[in-house]
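J.: To start, I am sharing the structure in question, which I have written as structure tokens.
The values are calculated or read from the model by the stated rules, or taken from the named source; none is laboratory data. Just so it is clear, the structure is predicted and the values come from calculations on it, not from any experiment. Glycine also receives a Cβ, built like all others from the backbone with ideal geometry; neighbour counts cover every protein chain displayed.
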């Protein structure tokens, strides 16, 4: 158990992200404790993108095209960064909960710690790609985010059967169900954001 705890760190997961075969074998071992994954992996990973977004937005402002940058007041940036952090933590935990709930249907292992560690691994490429937030231009962020999402999908389909102990056929179906859940959750979050911002709940923009 001590060896498992010592391997739980963002740096370790970044290394596993670059070595899918080793990642699959590593995650197939004993499930880590849930609180260890949250404290040592999920929370540190979730802090990185909001901090980078705050620094980039405060320094350069956001550019949606070729026009003038959009600046958000400092208090608004703090609010957005906090909401970003909460959304990431909620996303990691809720996706792991959904995966654990699906496990019975697809013959996979049920330990929540194993699912949470697996979701953290799959999300790691997007966390690395959040370095683009330091250059807050919509095109630059999309340019880096798309390959990161493709790598996350590869890790999801490649590692799920071994990491969660199910057959390749069932693993493919379970992975596809998780992708559907994430897409629905993301679109719902965008819709809620638009409604709140349109209703005046949100920071003001300036140029």
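J.: Return the residues of the stretch 129-171 that are more than 19 Å from the chain's Cα centre (by Cα) and under 25 Å from residue 112 (Cβ atoms); say none if nothing qualifies.
T.: Listed by number, the residues that qualify are 161, 162, 165, 166, 167, 168, 169, 170, 171.
J.: Right, another one. Collect the residues in the stretch 84-111 that are under 20 Å from the mean Cα position of the chain (by Cα) and exposed (fewer than 14 other Cβ atoms within 10 Å of the Cβ), keeping them in residue-number order.
T.: 86, 90, 101 - these are the residues of the stretch 84-111 that are under 20 Å from the mean Cα position of the chain (by Cα) and exposed (fewer than 14 other Cβ atoms within 10 Å of the Cβ).
J.: Could you list, in sequence order, the residues of the stretch 178-193 that are surrounded by 12 or more Cβ atoms within 10 Å (Cβ to Cβ), over 21 Å from residue 157 (Cβ atoms) and free of Cβ contacts under 8 Å to residues at least 24 places away in the same chain?
T.: As a first pass, look at the stretch 178-193 and keep what is surrounded by 12 or more Cβ atoms within 10 Å (Cβ to Cβ): 178-179, 181-182, 185-186, 189, 193.
Add one more test, that the residue is over 21 Å from residue 157 (Cβ atoms), and what stays is 189, 193.
Selection gives 193 alone.
J.: Based on this model, can you work out whether residue 62 counts as over 21 Å from residue 39 (Cβ atoms) and under 15 Å from the mean Cα position of the chain (by Cα)? Lay out the reasoning, then the answer.
T.: Numbers: over 21 Å from residue 39 (Cβ atoms): yes; under 15 Å from the mean Cα position of the chain (by Cα): no.
No; evaluated as a whole, the condition is false for this residue.
J.: Going residue by residue through the stretch 67-75, is there one that turns out to be more than 18 Å from residue 155 (Cα to Cα) and part of a helix (DSSP H, G or I)?
T.: Of all residues in the stretch 67-75, those more than 18 Å from residue 155 (Cα to Cα) come to 67-75.
Narrowing further to those that are part of a helix (DSSP H, G or I): 74-75.
Yes, the stretch 67-75 contains a residue that is more than 18 Å from residue 155 (Cα to Cα) and part of a helix (DSSP H, G or I).
J.: Among (1) over 24 Å from residue 172 (Cα atoms); (2) assigned to a helix (DSSP H, G or I), where does residue 102 come up short?
T.: Of the numbered conditions (1) over 24 Å from residue 172 (Cα atoms); (2) assigned to a helix (DSSP H, G or I), the odd one out for residue 102 is (1).
J.: Residue check, residue 144 against (1) modelled with pLDDT under 90; (2) surrounded by 15 or more Cβ atoms within 10 Å (Cβ to Cβ); (3) over 21 Å from residue 20 (Cβ atoms); (4) in contact with a helix residue (DSSP H, G or I) (Cβ under 8 Å, 6 or more places away or on another chain), all met but one. Which one?
T.: Here residue 144 meets the rest and fails (3).
J.: In the set 14, 23, 87, which member is within 25 Å of residue 181 (Cα to Cα), in contact with a helix residue (DSSP H, G or I) (Cβ under 9 Å, 6 or more places away or on another chain), at pLDDT 90 or above and in a helix (DSSP H, G or I)?
T.: Numbers: 14 fails: at pLDDT 90 or above; 23 fails: at pLDDT 90 or above.
None of the others qualify; the one that does is 87.
J.: Residues in the stretch 156-177: is at least one out of contact with any strand residue (DSSP E or B) (no Cβ under 9 Å at 6 or more places or on another chain), farther than 22 Å from residue 93 by Cβ, outside any helix (DSSP H, G or I) and touching a residue at least 40 places away in the same chain (Cβ under 8 Å)?
T.: yes
J.: Another question about this same structure. Do the conditions hold for residue 56, that is, is it on the phi > 0 side of the Ramachandran plot and touching a residue at least 40 places away in the same chain (Cβ under 8 Å)?
T.: On the way: on the phi > 0 side of the Ramachandran plot: no; touching a residue at least 40 places away in the same chain (Cβ under 8 Å): yes.
So residue 56 does not fit the description; no.
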